1. Any idea which of A:Phe87, B:Cys68, A:Trp100 is furthest toward the positive side of the dipole for the protein assembly as shown, if Lys and Arg beta-carbons carry +1 and Asp and Glu beta-carbons -1?
2. Can you give the relative contact order of region B:17-114 as a percent, counting alpha carbon pairs under 8 Å and 6+ residues apart?
3. What does the average come to when, for each residue of peptide A:24-35, you count the partner chain Cβ atoms lying within 10 Å of its Cβ?
4. Report P(r) for the protein assembly as shown: all Cα-Cα distances, bin width 5 Å, range 0 to the bin holding the largest distance, values in whole percent.
5. Measuring with a 1.4 Å probe in the full set of protein chains, what accessible area per residue, in whole Å², belongs to region B:1-84?
6. Classify region B:1-71: rounded, prolate or oblate, from the alpha-carbon gyration tensor (a ≥ b ≥ c, eigenvalue square roots; a/c under 1.5 rounded; otherwise prolate if a/b is larger than b/c)?
7. Return the sequence-ordered ³J(HN,Hα) values of region A:13-25 in whole Hz as given by the Karplus equation 6.51 cos²θ - 1.76 cosθ + 1.60 applied to θ = phi - 60°, using x for Gly and Pro.
8. Highest mean first, what order results for B:26-32, A:8-14 on Cβ atoms within 10 Å?
Amino acid sequence: GQSLEQPSEVTAVEGAIVQINCTYQTSGFYGLSWYQQHDGGAPTFLSYNALDGLEETGRFSSFLSRSDSYGYLLLQELQMKDSASYFCAESMDSNYQLIWGAGTKLIIKP
Amino acid sequence: ETGVTQTPRHLVMGMTNKKSLKCEQHLGHNAMYWYKQSAKKPLELMFVYSLEERVENNSVPSRFSPECPNSSHLFLHLHTLQPEDSALYLCASSQDRDRGYEQYFGPGTRLTVT
């Protein structure tokens, strides 16, 4: 079946830049979304890429390379509040059914 | 607050009980979703409703029964559950099916089956 791969955990320092990678299956690929989930909280939408390139939203950017079946989420000027789990999710054939990665826990140290 | 509410927030039930989870969205969206989230595992899509019509049922056991009486409300009826059904159940909505990549989630119901 379809699956996405992302690191289970990433550690970074406050104020630094961190990149969270995601590789996906190509069959029926439509687009790649990113979500943030704090412990005990609900997932919240961050970004969506359907075309190759970089999408920037404030401190967060998301990149997609369809030829490499790869995307990443880039977080700049890390703040302690960015400590959370980050999920990539793939849309296939249409946009309403998302296939999710297992999430990357981002640990930020002072 | 995302505009999606879920009740109850926590539920403990025995395997022979019947209970229902409720979800309400105040965003004017036309699509709603039920997910199961277990620790260290990807979110599992259970059901999708678009304009009150079920459009997806991902091989979910019949002990889970969804109901969508209108575009703002979604229920998940539970009966004779198993301990492995213990998880966080999340409800989400999107503007419509075409914008399903941008979903708004409720806080979830933490379900424990004893």
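The values are calculated or read from the model by the stated rules, or taken from the named source; none is laboratory data. Here the structure is a predicted model, which is why all the values come from computation and not from measurement. Note that each Cβ is placed from the backbone with ideal geometry, even for glycine, and that neighbours are counted across all protein chains shown. Heavy atoms of the whole protein, side chains included, go into the accessibility calculation; ligands, DNA and RNA do not. Shrake-Rupley method; radii C 1.70, N 1.55, O 1.52, S 1.80 Å.
1. Of A:Phe87, B:Cys68, A:Trp100, it is B:Cys68.
2. Numbers: 216 pairs, mean separation 32.3, N = 98.
33 percent.
3. That works out to 1 on average.
4. 1, 7, 15, 19, 19, 16, 12, 7, 3, 1, 0
5. Ligands and nucleic acids excluded, the figure is 53 Å² per residue.
6. Rounded, because the longest to shortest axis ratio a/c is under 1.5.
7. 9, 3, x, 8, 10, 9, 10, 10, 8, 8, 10, 9, 7
8. Peptide ranking by packing, descending: B:26-32, A:8-14.
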